Amino acid sequence: MSFPDAPDEVGFATRQVHGGELADGAFGARITPIYLSAGFRFDDFDQARDRFAGDEAGYVYTRAGNPTNAALERKLAQLERGRDAVVVASGQAALTIAILSVARAGDHVLSAQSIYSGTRSLFTQGFDRLGIEVEFVDEAADLDDWRRRIRPNTRAVYAESIANPTNEVADLAGIASVAQAAGVPFIVDNTLATPYLVRPAKHGADLVVHSASKFLSGHGAALGGAIVDAGTFDWSARPDAYPHLNEPDTGLQGRSYLEAHGSAAFTAYVRGVTSALLGPVLSPFNAFLIQQGTETLSLRVQRQSSTAAAIAAWLEQQPEVLRVDYAGLASSPSYELARRYLPRGQGAVLSFVLAGGEASAARFHDAVELFSRMSHIGDTRSLILHPATTTHAHLDVETRARGRISAGLLRLSIGLEEPEDLVRDLERAFGALRAAAVASAAVGDVDEAADAAASVLAPAASVLEGSTR
């Protein structure tokens with residue numbers, strides 16, 4: 001049985017297991033094989049010409065397409081309910097290719113302020129050097145601010161469905177309405193939510209990007225990224241804004257990408273130009289690993305989200321904790337948006353702020369034993385990180401403050417361990433904080449006694465000193 005296109009009534013779990021599969025007619029392999037081939041043979045001269053011209057479907061070179069990668073692309077497109085997908089070497093590559101496929105020098109992109117620090121650096125350093133300006137909206141929930149900042153040269157609007165690490169939930173439908181009114185595509189990074197918790201295209205997103213290294217892969221073993229085209233944006237409505245898709249292209253014998261590929265123009269351009277020329281190729285081996293991971297996506301994310309919600313509620317009760325950032329908590333500014341967009345769960349990543357700043361965060365960070373201290377999320381293992389001195393350390397103090405990245409903030413990515421074991425590990429870390437506080441208080445008592453004794457002895461010492469002169 002082949003399952004390249006899933007009917008609408010097929011459920012998510014069925015899609016994640018069977019989606020994108022084609023029957024192997026040669027050997028009957030049940031799992032999509034790993035096609036570790038740099039290039040592919042042509043039957044004859046005409047076939048080679050037609051494939052390069054895009055007149056015949058088929059593979060030319062793995063940099064532009066590979067059967068293993070294509071199976072993953074079909075699966076991800078089905079999970080996000082998009083028309084097509086393109087996989088690349090990393091999440092950073094996915095976002096880079098997505099933006100460079102809609103914007104060029106002199107263009108403007110509007111983004112939420114609360115985005116991941118690596119994405120911010122890409123926007124402010126990478127794209128700035130290419131002449132693409134990215135402007136940030138401080139309060140993503142303020143739709144009027146999004147509208148005010150739209151310019152004639154705005155070419156895309158960008159947000160994360162769940163922000164990393166502060167757990168801010170984007171008003172997807174609201175921001176989409178702003179983008180639609182401006183005639184620009186809405187790009188959403190859905191890494192933390194995954195299509196199991198929310199499908200941004202359902203709420204108006206035109207392009208969805210993923211760091212597939214995270215929850216889609218799920219086991220911390222492979223890097224990868226994906227761009228999913230919802231197939232909803234009309235690239236022909238503003239030919240002057242997107243000339244690369246509307247104007248004749250020499251590689252298509254003078255046709256435009258829209259003339260040659262119709263509704264598939266964007267992904268054809270990504271495959272044939274942006275991704276193919278810049279070269280962030282996803283290894284077929286990594287594509288295989290990610291495809292294996294997606295088959296258990298809903299099971300993992302459901303459990304991880306459930307555990308994360310319980311741990312977030314428990315952390316909120318600890319006296320050393322000043323704030324917990326988790327959209328599933330009633331105390332979260334994103335609580336109502338989470339109820340609207342994330343009814344299945346609010347994800348597995350959360351952060352919390354400790355009283356005592358960096359010193360307390362460092363002591364807590366080093367006291368855990370079950371949580372792995374590392375820069376990653378979406379693993380089957382639970383992870384801990386101090387963003388202010390690692391992932392966000394390169395940002396200036398003011399930028400970190402706008403993003404609510406304080407010295408006492410720690411990020412957790414919840415894995416598949418037993419919740420009770422994770423709580424026990426966190427209790428161990430809180431115990432280390434409390435022991436340090438007791439020791440500090442004891443030292444303070446000794447110091448107070450010493451100060452009192454000094455004040456009593458000072459007059460006698462003065463008399464003694466006078467008698468010896």
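Since every read-out is calculated from the coordinates, none of them should be taken as a lab result. Keep in mind that this is a model prediction, so the values were computed, not measured. Positions of Cβ are generated from backbone atoms using ideal geometry, with glycine treated the same way; all protein chains shown enter the neighbour counts.
Fewest-first ordering of 405, 227 by other beta carbons within 10 Å of each residue's beta carbon gives 405, 227.
Structural descriptor for region 297-430: relative contact order 28 percent, calculated from alpha carbon pairs under 8 angstrom and at least 6 residues apart.
Evaluating 6.51 cos²θ - 1.76 cosθ + 1.60 at θ = phi - 60° for every residue in region 323-331, the Karplus couplings come out as 7, 10, 9, 8, 5, x, 8, 4, 7 Hz, glycine and proline recorded as x.
Relative protection proxy for 163-170, 419-426, from highest mean packing down: 163-170, 419-426 (other beta-carbon atoms within 10 angstrom). Karplus-based coupling profile of region 224-239, in residue order and whole Hz: x, x, 8, 10, 10, 8, 5, x, 9, 8, 8, 6, 8, 5, 10, x, with θ = phi - 60° in 6.51 cos²θ - 1.76 cosθ + 1.60 and x standing for Gly or Pro.
Sparsely packed loop sites in region 1-104 (the GluC sites (Glu not before Pro) outside DSSP H, G, I, E and B with at most 10 other Cβ atoms within 10 Å) comprise 9. Amide hydrogen proximity for residue 158: with H placed 1.01 Å from N in the peptide plane, the residues at 5 or more positions away or on another chain lying under 5 Å are 110, 111, 112, 187.
Expressed as a rounded percentage, what relative contact order does region 198-239 have, with Cα pairs under 8 Å and six or more residues apart?
Values: 40 pairs, mean separation 16.3, N = 42.
Answer for region 198-239 is 39 percent.
When region 12-294 is described by a simple charge dipole with +1 on each Lys and Arg Cβ and -1 on each Asp and Glu Cβ, the residue from 263, 219, 111 located farthest towards its positive end is 219. In this structure the amide hydrogen of residue 56, modeled in the peptide plane, comes within under 5 Å of the amide hydrogens of 51, none closer than 5 places in sequence on its chain. Can you pull the percent of Cα pairs in region 12-294 with separation above 23 Å? Roughly 53 percent, rounded to a whole number.
About the Cα centre of region 297-430, how large is the charge dipole given +1 on each Lys and Arg Cβ and -1 on each Asp and Glu Cβ? Please answer in debye to the nearest 20.
Details: 15 positive and 16 negative charges, 95 e Å.
Value, rounded to 20: 460 debye.
Once you list every other residue whose beta carbon is under 14 Å from the beta carbon of residue 255, what net charge do they have if Lys and Arg are +1 and Asp and Glu are -1?
Taking every Cβ under 14 Å from that of residue 255, the sum is -4.
Neighbour counting of Cβ atoms within 10 Å sorts the residues 334, 382, 375, fewest neighbours leading, into 375, 382, 334. Projecting the Cα atoms of 390, 313, 378 onto the dipole axis of region 297-430, where Lys and Arg carry +1 and Asp and Glu carry -1 at the beta carbon, places 378 farthest toward the positive end. Using the Cβ-Cβ distance between residue 358 and residue 313 with R0 set to 22 Å, the FRET efficiency works out to roughly 0.30. A DSSP coil position with no more than 16 other Cβ atoms inside 10 Å describes the following GluC sites (Glu not before Pro) in region 327-397: 369. Both radii were evaluated on the Cα set of region 297-430; the Rg over Rh quotient, with Rh as the Kirkwood radius, amounts to 0.94. The angle separating the long axis of helix 172-182 from the principal Cα axis of greatest extent in the chain is about 50 degrees.
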